[in-house]
Amino acid sequence: MENVKGHIVDVVRREIFDGELVIKDGKIAEVKRCALPESEKPWPYVMPGFVDAHVHIESSMMVPHKFARIAVSHGTIGVIADPHEIGNVLGINGIDYMIRSGKEARFNFLFGAPSCVPAVGGDIETSGAVIDAKDTEALMAREDIGFLGEMMNYPGVLNGDKEVMAKIDAALRHGKPVDGHAPGLTGRQRDKYAGAGITTDHECSTLDEGRSCINAGMKVIIREGSAAKDYQLLSPLIKESPNMVMFCTDDCHPDDFVRGHINLIVRRALADGYDLWDVLQAASVNAQKHYNQNWGLLQVGDPATFITVDRITPHFRVEMTVIRAEEAFNYNSSLLSRHDSDEHILDFDFPNNFVAVPITEKDIDIDLKPGDTVHVIHASDGSLLTDHDEVELTGNPLFDSRYPWTEVQKIVVYNRYVPGAKPVVGLVRGFDIKEGAIAGSVAHDCHNIVAVGSSDEFIVKAINRIVEMHGGQVVVSPEEMLDIPLPIAGLMAPMGGYEIAFRTLCIQEKVRDIGCKMKSPFITMAFMCLPVIPDIKITDRHLLNTKTFNVVY
């Protein structure tokens, strides 16, 4: 690549100057300060690219090398990727698949070893694989594994669980960071969790929680994903503790991802008046330093990885993304669309773990009568947390409860790893499906089949379509059925990002047609199954109080 001239944005020294990057052998050989010649077109601002400090690529439904093609168009040059989702389906083979796919892209992937496969042990839920402490030891010794993924089993940390602590110890002995996941922990419990060697958390949802995390020595990763959005409450930390904050999307749906990535958080922070250097510190620098990576910060000797933007304001546009001295995206060319149509050998490799068989309406029948006490999960759009109501029935809550018509509906979780397993049926409100059902094989974190609907007939149709496709997402209405097949682990599709996003939009439009107005209904439904986030969730085995880990039934 030729040398690059422009307004150099030096985040390390916190200054902007006119100059030229001298590029040799893929690295920055010299950073010259020089006057810029007159030009008909304004000179660009040259700055470090953005880093997503915590993401599950599987949530984009794209394989890594196709995820990268969308990411670079938003100025993202690297991601800290926890392959937790595919790990729960396929174990170490799934992790290796993600790494192989990532190597096909000119991009920076740092993959970690999932710490909780399954997310919760024992009789709580069924996963497709187990990664134990012995496996974790072997993974931590690998050069292509950079960290231990989010430690969701915070009760195990607080109680000194032998298996949990052995995984953390393996990472620390190999000099690799340990990511956290501990919603709601403050005070002494937060200090004990951090004291185990855990150094980040992306689950803080209040400012007090974020401050408690930082006071315990942990970095806060401010999340702005498709379902969980914490920027508004946590953004004061950018000014208070710029060295202790990073940005992430965590779970980003494809239709959101094609619109923007970390660049959207940067724009919002600048619009809110936060200092440019503090924002870029959080968006570009902190993740590289925390995870011991040198992906490029415009310093002599760094890889020639950077982005150019048209202005340094909240309305900036990414014009070019360069990865190791090669152009990965150019706003003025068709490079992205050309690459997005390329075929890759991995696209024809569909690893999966799916043996579920079709069900009938009888399989999801529940006996409800007056006088029974039932628990109704309350799902909220834009939040991973759930409330719940404990109700003594005067009738059937599906038809004549104290709630408005259609508000209380069945939610079904069906084990996809054991043929002939019995579905678990619960009650949920918040989806407001008037006539139809939705279902998917993306159900955090074990990724069994989950469905919500207005009637047993629609729910069974939706579930059986998922079974037929060996994974995917589907919406059923009285008139039609729309779906996206996800044959790669039941999580990802062998398609380009824009095609996946288009199909997602079509499905979500149909979901709105059947009454559900949630922005991200499939992600919200998927998190109804995650037993490490309060306060009541449903798995393929139980309805569970996730605050006490007591089984409701």
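The values are calculated or read from the model by the stated rules, or taken from the named source; none is laboratory data. Owing to the predicted nature of the structure, the values given are computational and were not obtained by experimental measurement. Note that each Cβ is placed from the backbone with ideal geometry, even for glycine, and that neighbours are counted across all protein chains shown. What goes into the accessible areas is simple: the full protein's heavy atoms, side chains included, and nothing from ligands, DNA or RNA. Shrake-Rupley method; radii C 1.70, N 1.55, O 1.52, S 1.80 Å.
Taking helices (runs of 4 or more DSSP H) that do not extend beyond the range 212-326, which have at least 2 residues that are farther than 30 Å from Met492 by Cα, open to solvent by 30 Å² or more (accessible area, probe 1.4 Å) and of a type outside the set (A, V, I, L, M)?
236-240
Please return the ranges of strands (runs of 3 or more DSSP E) entirely within the range 43-123 where 2 or more residues are within 30 Å of Val474 (Cβ to Cβ) and in contact with a Ser or Thr (Cβ under 7 Å, 6 or more places away or on another chain).
On the way: elements: 45-47, 50-55, 76-81, 108-111.
Once the strands (runs of 3 or more DSSP E) in the range 43-123 are filtered for at least 2 residues that are within 30 Å of Val474 (Cβ to Cβ) and in contact with a Ser or Thr (Cβ under 7 Å, 6 or more places away or on another chain), what remains is 50-55.
Of all residues in the range 342-365, count the ones that are surrounded by 14 or more Cβ atoms within 10 Å (Cβ to Cβ) and modelled with pLDDT of 85 or more. Give the steps one after another, and end with the answer.
Just the residues of the range 342-365 that are surrounded by 14 or more Cβ atoms within 10 Å (Cβ to Cβ), to begin with: 344, 346-347, 350-356, 359, 363-364.
With modelled with pLDDT of 85 or more added as a condition, the list becomes 350-356, 359, 363-364.
Qualifying residue count for the region: 10.
Just to be sure, is Asp483 touching a Cys at 6+ places or on another chain (Cβ under 9 Å), in contact (Cβ under 8 Å) with a residue 24 or more places away in the chain and buried (at least 18 other Cβ atoms within 10 Å of the Cβ)?
no
How many residues are at pLDDT below 95, part of a helix (DSSP H, G or I) and surrounded by fewer than 24 Cβ atoms within 10 Å (Cβ to Cβ) if we restrict to the range 125-162?
The number of residues fulfilling the criteria is 2.
Starting from the range 290-301, keep only residues that are without any contact (Cβ under 8 Å) to a residue 60 or more places away in the chain and under 29 Å from Gly149 (Cβ atoms), then list their pairs with residues that are open to solvent by less than 60 Å² (accessible area, probe 1.4 Å) and part of a loop (DSSP other than H, G, I, E, B) whose Cβ atoms are within a distance under 8 Å, requiring at least 6 positions of separation or different chains.
As it stands, the answer is Asn294/Asp302, since those pairs meet every condition given.
For the range 399-419, state whether one or more residues are touching a helix residue (DSSP H, G or I) at 6+ places or on another chain (Cβ under 7 Å), open to solvent by less than 20 Å² (accessible area, probe 1.4 Å) and farther than 16 Å from Ala526 by Cα.
The answer is no; no qualifying residue exists.
Considering the range 510-524 alone, what residues qualify as being farther than 29 Å from Pro534 by Cα and open to solvent by 70 Å² or more (accessible area, probe 1.4 Å)? If you could, list the steps in order and put the result at the bottom.
Applying the first criterion (farther than 29 Å from Pro534 by Cα) to the range 510-524 yields 510, 513.
Result: Asp513, single match.
How many residues are open to solvent by less than 10 Å² (accessible area, probe 1.4 Å) and either acidic (Asp, Glu) or touching a Leu at 6+ places or on another chain (Cβ under 7 Å) (or both) if we restrict to the range 104-118?
Number satisfying all stated conditions: 3.
Mind checking which residues of the range 524-552 are part of a loop (DSSP other than H, G, I, E, B), in contact (Cβ under 8 Å) with a residue 60 or more places away in the chain and basic (Lys, Arg)?
In the first step, residues of the range 524-552 are kept if they are part of a loop (DSSP other than H, G, I, E, B); the result is 530-535, 539-542, 546-549, 552.
From the residues that got through so far, the ones that are in contact (Cβ under 8 Å) with a residue 60 or more places away in the chain too are 530-535, 539-542, 549, 552.
Matches in the range 524-552: Arg541 only.
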